[in-house]
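Notes follow the structure.
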Amino acid sequence: MQLTVWTYEGPPHVGAMRIATAMTDVHYVLHAPQGDTYADLLFTMIERLPRRPPVTYTTFQARDLGGDTAGLFQNAAREAFERFKPQAMLVGASCTAELIQDDPGGLARALRLPIPVVQLELPSYQKKENWGAAETFYQIVRAMAAPQAPPPGFKRPPRAPGTRASCNILGPTALGFRHRDDVQAVKLMLADLDVDVHVVAPLGASPGDLARLGEADFNVLLYPETGSLVAQWLGRTFDQKTIKSIPIGLGATREFIAEIAQLTGVDPGRALHGAPSNSSWYSHSVDSTYLTGKRVFVFGDATHAVAAARIAAQELGFTVVGLGTYSREFAREVREAAKLYGIEALITDDYLAVEAKVAELQPELVLGTQMERHIAKRLGVPCAVISAPVHVQDFPARYSPQMGFEGANVIFDTWVHPLMMGLEEHLLTMFRGDFEFHDAAPASHLGFTAAPRDQTAAPAAQPAVPAEAVSDRPSAPVSATAGALWAVDAEKELGKIPFFVRGKARRNTERFAADNAVALITVETLYDAKAHFSR
Amino acid sequence: MSAATGNCTAEGGVSRGNLRYSAERGQREVFCGLTGIIWLHRKIQDAFFLVVGSRTCAHLMQSAAGVMIFAEPRFATAIIDERDLAGLADANVELDRVVTQLLERRPDIKLLFLVGSCPSEVIKLDLSRAALRLSSRFSPQVRVLNYSGSGIETTFTQGEDACLASLVPGLPRLGEEAAPNLLIVGALADVVEDQMRRLFDEMGIADVQFFPPRRSTLLPAVGARTRYLLAQPFLADTARALEELGARRIAATFPLGAEGTASWLKAAAEAWAVDPSLYRRVTQPAYERAQRALSRYRDLLAGKRIFFFPDSQLEVPLARFLSAEMGMELVEVGTPYLHRAHLSADLDLLPPGTRVVEGQHVENQLDRCHAAKPDLVVCGLGLANPLEAQGLTTKWSIELVFTPIQGFNQAADLAELFARPLVRRTRLVA
Ligand code: SF4
Ligand code: SF4
């Protein structure tokens, strides 16, 4: 049993839903109780899809348990087939149905539906969402493409001279972080490389499209978390190579183009020329010197976290002080990457452990998921989102990829923006004393904090930052925090420090006092601590 | 084979008391009772809710909460894993460990609910024994209770019912000679409680308590002379448990809208033999203010056709308010469960011929909804955007549970919730 407050990943059947919802002409019949239908809102509300996920839930109840839950499943599958007329059906169980062991696969096969039925075994008590997505994608690809497989030992013949190369794009799903836009960005690059896109899967693919995967010359794997099982199987079965570079960031995009150019023998010139990325010039401009050495903490799925750390270090001149992932399946890759920055990777799916780490490292920017956004808010650190899980505002209306040269521009803007806002706050301190500019006034980019509504009011109406995170000013003249006491004059001096770094100054001073067994913090202690911690 | 899915449709239901009732079975598109934790943990401020369940349960909580405002909210999930299932770890020992760990972190907690889920029920983890065991270990600092919020037992707001029912046996008892007291049952926003309390005070009903209370140390006392008034329509088990302690229900409409609130208050006034002129003097100004505020929305809503998907069990009183007070036309009133006794006052005020459907077969219901082309559809979050995309106008039902809507001063807010999507639709030209 594990105590969990927030989770990075849902259960594995939610991963399966991400595959089914990404595709067309597939229906997923899920043996599950009614409450599990909440998963629909992930797609309809967070991703704002204009259609329901193609999922039928059996919604069995306690009174069905003694009776015929198997019959319930069969009815649901039969009705779903008749109503939705899919080309293929996925069947499986959620955590509760896994315990009652009704065998959805066998039950569905007994219906003798005239379409492929793919049985999903997703162990809910061991595995999680990304694993479930990868496994589901793999199972449905095998079901559809295996019948087309050449005999074992097949060697792909060289491409006929004068013909264009073609590839599949693997990995994008529903509810993915910018998957829709990444696919578009990658397609543009492939067009510049004279490579045809054969099938994109699972996003937008039908089961029939999956059956054609083996026809392409090679595969482009955008998200190893969901697509690497399929890429490996296609490699073994159809002798297709997989492009290893993932084009997030300038350097990685150049490598991606070079890797494809080399594999296909095309000239990378046009694709690279389309590359006068603004982000590179902006990063070199004098305005960006203040970015130098900013301490960043990076956390996310493995692919995005590793890419973000590289961009931070090499393309923005930050210092990576922390790097981690919740994807245990990819812990090795992240550990390797962390070595480049002389740090140890944080591999955990415990939100509280991540929060403790951020508090300990005191970074100046956090690059993470929706969870880290909350951590950063609470600790008063700027934050940008780089990875799933994400919230509704991370599905922007505009084209906003992470991949390719345009993706690098998007990344520059989104990461630097919260830091620029920090600069704007300097103005607040310059005008301190002016009636409109006072500590309690929120920075303009935070908007007006609504007056707290009633406790039971809609959560959305509540101010996003808990009160205790905002006020770091104790009411007593001499205050005790974690041991040391603050002398009145030291407290006053602390008040002169710009409020957005005051919390940090307080913490550093108290840590310094604790380390040096100082019982009363004076003005001198404050400046001793400042000298001690200054870089 | 049983009438599992779709064998029983909403067509051809029975007419009783002028309404057309039917029941249907099929896929239900409703939250489970765990969701109640989202408002209950804000209401009872020293309580913690520990779901004993799966990753799905944890994910539901975080998705339904939608916005995660509280870095460490007063709820969490003890996720059962394969070791617990394989018997490698004794689930009870594991649970004790998790609870101990939790209480060490949160010394502010006075009341801990162990909340059962589908997995904990299917593996027959006995949470009532666990609660007893842990209660005796941590008393007097912490009381430990249990209830089920599982999706196989409870639908959405039934989680609150189960939670409150679990509190009832521990309520302080009043002796025979105690003066009569009034209990308002069902979570209300604090601001609504305060308004209601002022009105009761002015009518001379002084001994009024709200259940659930804001703190677990403020539990109301119950005895044979306790009368209770339901503030929420989904409290069947809680009501039954209160009756077992001798409390008696005051039948009334639910306090939605100006009329609903007036007759709810009036029912209490009559039970307390408040002088009718005093009742009028106290309630009239607020009633008239509510009517004035409502009149602004009447033009917008009157004659508009509304369709309810089943969700919170608030559907019948909402339908009563919208038809009787706002002049809306009811196409279909779907509700997950219909408690005929508790709802009788509201059901009596529905227009003759209203179709009331208990249970759900979501696909058939969507077909009916599309065929009827209502002006406004009240539905859950999973259905709202797809229906909007198909040209229908929707109101998410969950907002009706999270927003203060009861009482005179909230009547217009309630009307506005239904008016807003309609107004929006007329504003958007592109
Ligand atoms: S329906 Fe059951 S398994 Fe699903 S979230 Fe609710 S309690 Fe958990
Ligand atoms: S506060 Fe921000 S990240 Fe958190 S749930 Fe709300 S919108 Fe999403």
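Tabulated values for the structure
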item: Where a residue in segment A:22-35 is within 10 Å of chain B (Cβ to nearest Cβ) and its partner, wherever it lies, is within 16 Å of ligand 2 (Cβ to nearest atom) and open to solvent by less than 10 Å² (accessible area, probe 1.4 Å), with Cβ under 9 Å and at least six apart; result: A:Gly35/B:Leu60
item: Residue in segment A:208-219 that is within 23 Å of the chain's Cα centre (by Cα) and farther than 18 Å from A:Gln184 by Cα present; result: no
item: Filter pass, B:Leu60 being open to solvent by less than 10 Å² (accessible area, probe 1.4 Å), under 24 Å from the mean Cα position of the chain (by Cα), more than 16 Å from ligand 2 (Cβ to nearest atom) and at pLDDT 90 or above; result: no
item: A:Gly10 vs. criteria part of a loop (DSSP other than H, G, I, E, B) and surrounded by 24 or more Cβ atoms within 10 Å (Cβ to Cβ); result: yes
item: Which numbered condition B:Leu322 misses (of (1) in a helix (DSSP H, G or I); (2) touching a Leu at 6+ places or on another chain (Cβ under 6 Å)); result: (2)
item: Selected residue (criterion: nearest to the other protein chains (Cβ to nearest Cβ)) from residues of segment B:355-372 that are touching a residue at least 40 places away in the same chain (Cβ under 8 Å) and open to solvent by 10 Å² or more (accessible area, probe 1.4 Å); result: B:Glu363
item: Test: residue in segment A:73-91 that is open to solvent by less than 10 Å² (accessible area, probe 1.4 Å), facing chain B (nearest Cβ under 7 Å) and among the acidic types (Asp, Glu); result: no
item: Qualifying residue in segment A:340-348 (condition: under 27 Å from A:Leu41 (Cα atoms) and either of a type outside the set (Phe, Trp, Tyr) or more than 14 Å from ligand 2 (Cβ to nearest atom) (or both)); result: yes
item: Selected residue (only one of A:Thr56, A:Thr44 is within 23 Å of B:Tyr337 (Cβ to Cβ), more than 15 Å from ligand 1 (Cβ to nearest atom) and either at pLDDT below 95 or at the interface with chain B (Cβ under 10 Å from one of its Cβ atoms) (or both)); result: A:Thr56
item: Some residue of segment B:160-183 being acidic (Asp, Glu) and open to solvent by less than 20 Å² (accessible area, probe 1.4 Å); result: yes
item: Test: residue in segment B:411-427 that is in contact with a helix residue (DSSP H, G or I) (Cβ under 9 Å, 6 or more places away or on another chain), aliphatic (A, V, I, L, M), open to solvent by less than 50 Å² (accessible area, probe 1.4 Å) and not in a helix (DSSP H, G or I); result: no
item: Members of segment A:81-128 that are under 24 Å from B:Glu121 (Cβ atoms) and among the acidic types (Asp, Glu); result: A:Glu98, A:Asp102, A:Asp103, A:Glu121
item: Where A:His374 falls short, out of the listed (1) open to solvent by 40 Å² or more (accessible area, probe 1.4 Å); (2) within 16 Å of ligand 2 (Cβ to nearest atom); result: (1)
item: Restricting segment B:222-240 to residues that are of a type in the set (Gly, Ala, Ser) and open to solvent by 20 Å² or more (accessible area, probe 1.4 Å), the residue that is farthest from B:Ala268 (Cα to Cα); result: B:Ala236
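Residues are listed down the side, and each one gets a yes or a no for (1) closer than 19 Å to A:Glu333 by Cβ; (2) without any contact (Cβ under 8 Å) to a residue 40 or more places away in the chain; (3) open to solvent by less than 30 Å² (accessible area, probe 1.4 Å):
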site	(1), (2), (3)
A:Asp194	no, no, no
A:Ala216	no, no, yes
A:Tyr223	yes, no, yes
A:Gly227	yes, no, yes
A:Ala231	yes, no, yes
A:Lys244	yes, yes, no
A:Gln262	no, yes, no
A:Asp267	no, yes, no
A:Trp281	no, yes, no
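The values are calculated or read from the model by the stated rules, or taken from the named source; none is laboratory data. Nothing here was measured: the structure is a model prediction, and the numbers come from that model. We place every Cβ from the backbone using ideal geometry, glycine too, and count neighbours over all the protein chains shown. All accessible areas refer to the heavy atoms of the entire protein, side chains included, with ligands and DNA or RNA removed. Shrake-Rupley method; radii C 1.70, N 1.55, O 1.52, S 1.80 Å.
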